[in-house]
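Participant: First the structure, then my questions, so here it is.
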Amino acid sequence: MPIAKNLTEIKKTLPPQVTLVAVSKTKPVHDLMEAYEAGQRIFGENKIQEMTDKWEQMPKDIQWHMIGHVQTNKVKYMAPYVSLIHGVDSFKLLKEINKQAAKNNRVIDCLLQIYIAEEESKFGLDEKELNDILGSDEFKELKNIKIVGLMGMATFTESEAQINKEFSNLKKIFDNTKQHTAENCQISILSMGMSGDYQIAIENGSTMVRIGSSIFGSRK
Ligand SMILES: *Cc1c(COP(=O)(O)O)cnc(C)c1O
């Protein structure tokens, strides 16, 4: 039972304030069920179609986190059930999530994704764009979303110093963001850290780690 064993080993290393998202993208339901049987209830996926297929097949007490880049036209498929959307990187997307959440009579928790890496390929907002969104009157009108924190990804590099610098930068932005308070903005979650860098993320104040390959094995 390598999955259950991996899960237990990783959980042992996590401080109590850190939530584990088991990143199960590309993995079959059978593998997710093994983690479920071992007690895991939060799963992260990066494709809406795949997440929805798994949601339909699996127990209903699972919390599904969307950790990937979200296309506006697909929000409607996950709006009935998604528990947390990590990768919100535009006001336009946030408004669409609000609209679809309203149709489903619910409030959807979201994280704003912040760009901290040196890579061109990573999505996210900079600190000014973040403050522009949270400070706007239009934002305060969105009653069916709640911003509960920030998410970021470090550069894919061997350099621990570089990763450390990027995570510490995100922590600073996170602390500054707490000044924004509104009914739909209650910042408490800092989602940073994956299999290769989650220890560094935790040292820098992460409260939520997204771990895939160290639990389920490498992906093709
Ligand atoms: C795939 C993915 C992860 C997990 O990556 P591992 O290296 O397998 O732990 C975490 N966060 C995001 C946004 C991902 O896309």
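Residues checked against (1) open to solvent by 30 Å² or more (accessible area, probe 1.4 Å); (2) within 30 Å of Leu130 (Cα to Cα):
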| site | (1), (2) |
| --- | --- |
| Pro16 | yes, yes |
| Ser24 | no, yes |
| Ala35 | no, no |
| Phe43 | no, yes |
| Met58 | no, no |
| His65 | no, yes |
| His86 | no, yes |
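Participant: Output the residue which, of all residues in the range 177-220 that are of a type in the set (A, V, I, L, M) and within 22 Å of Leu142 (Cβ to Cβ), is least open to solvent (accessible area, probe 1.4 Å). Give the derivation first.
Facilitator: Filtering the range 177-220 for residues of a type in the set (A, V, I, L, M) gives 182, 187, 189-190, 192, 194, 200-202, 208-209, 211, 215.
Now drop any that are not within 22 Å of Leu142 (Cβ to Cβ), which leaves 182, 187, 189-190.
Numbers: Ala182: 28, Ile187: 22, Ile189: 34, Leu190: 0 Å².
Filtering first and then ranking leaves Leu190.
Participant: Quick one: is Asn144 open to solvent by less than 20 Å² (accessible area, probe 1.4 Å) and either within 10 Å of the ligand (Cβ to nearest atom) or within 30 Å of Asn105 (Cβ to Cβ) (or both)?
Facilitator: Details: open to solvent by less than 20 Å² (accessible area, probe 1.4 Å): no; either within 10 Å of the ligand (Cβ to nearest atom) or within 30 Å of Asn105 (Cβ to Cβ) (or both): yes.
Answer is no for this residue.
Participant: Across the range 1-22, what is the number of residues that are assigned to a helix (DSSP H, G or I), over 15 Å from Asp197 (Cα atoms) and touching a residue at least 60 places away in the same chain (Cβ under 8 Å)?
Facilitator: Adding up the residues that qualify gives 4.
Participant: Does Lys47 meet the test of being more than 12 Å from the ligand (Cβ to nearest atom), open to solvent by 10 Å² or more (accessible area, probe 1.4 Å), basic (Lys, Arg) and free of Cβ contacts under 8 Å to residues at least 40 places away in the same chain? Let's see the steps before the verdict.
Facilitator: Numbers: more than 12 Å from the ligand (Cβ to nearest atom): no; open to solvent by 10 Å² or more (accessible area, probe 1.4 Å): yes; basic (Lys, Arg): yes; free of Cβ contacts under 8 Å to residues at least 40 places away in the same chain: yes.
For Lys47, the condition - more than 12 Å from the ligand (Cβ to nearest atom), open to solvent by 10 Å² or more (accessible area, probe 1.4 Å), basic (Lys, Arg) and free of Cβ contacts under 8 Å to residues at least 40 places away in the same chain - is not met.
Participant: Conditions first: (1) out of contact with any helix residue (DSSP H, G or I) (no Cβ under 6 Å at 6 or more places or on another chain); (2) open to solvent by less than 30 Å² (accessible area, probe 1.4 Å); (3) not β-branched (Val, Ile, Thr). Phe139 passes all but one, so which condition is the exception?
Facilitator: (1)
Participant: Still on this structure, I have one more. In the range 147-170, what residues are within 17 Å of Glu120 (Cα to Cα), open to solvent by 60 Å² or more (accessible area, probe 1.4 Å) and touching a helix residue (DSSP H, G or I) at 6+ places or on another chain (Cβ under 8 Å)?
Facilitator: Listed by number, the list is empty, since nothing qualifies.
Participant: Do the conditions hold for Glu56, that is, is it without any contact (Cβ under 8 Å) to a residue 24 or more places away in the chain and in contact with a helix residue (DSSP H, G or I) (Cβ under 8 Å, 6 or more places away or on another chain)? Show your work before the answer.
Facilitator: Working: without any contact (Cβ under 8 Å) to a residue 24 or more places away in the chain: yes; in contact with a helix residue (DSSP H, G or I) (Cβ under 8 Å, 6 or more places away or on another chain): no.
Here the answer is no, as Glu56 does not meet what is asked.
Participant: Can we say Ala117 is aliphatic (A, V, I, L, M), on the phi < 0 side of the Ramachandran plot, buried (at least 16 other Cβ atoms within 10 Å of the Cβ) and part of a helix (DSSP H, G or I)? Explain how you work it out, then say what you get.
Facilitator: Numbers: aliphatic (A, V, I, L, M): yes; on the phi < 0 side of the Ramachandran plot: yes; buried (at least 16 other Cβ atoms within 10 Å of the Cβ): yes; part of a helix (DSSP H, G or I): no.
Considered against the rule, which asks whether it is aliphatic (A, V, I, L, M), on the phi < 0 side of the Ramachandran plot, buried (at least 16 other Cβ atoms within 10 Å of the Cβ) and part of a helix (DSSP H, G or I), Ala117 comes out as no.
Participant: Quick check: is even one residue across the range 6-16 over 18 Å from Gly212 (Cα atoms), more than 16 Å from the ligand (Cβ to nearest atom) and modelled with pLDDT of 95 or more? Let's see the steps before the verdict.
Facilitator: First pass over the range 6-16, keeping only residues over 18 Å from Gly212 (Cα atoms): 15-16.
Cutting the leftovers down to more than 16 Å from the ligand (Cβ to nearest atom) gives us 15-16.
Those still in the list that are modelled with pLDDT of 95 or more too: 15-16.
Taking every residue of the range 6-16 in turn, at least one turns out to be over 18 Å from Gly212 (Cα atoms), more than 16 Å from the ligand (Cβ to nearest atom) and modelled with pLDDT of 95 or more.
The values are calculated or read from the model by the stated rules, or taken from the named source; none is laboratory data. All values derive from a computational prediction rather than experimental measurement. Note that we place each Cβ from the backbone using ideal geometry, even for glycine, and neighbour counts take in every protein chain shown. We work out accessible area using only protein heavy atoms, side chains counted, and drop any ligands, DNA or RNA first. Shrake-Rupley method; radii C 1.70, N 1.55, O 1.52, S 1.80 Å.
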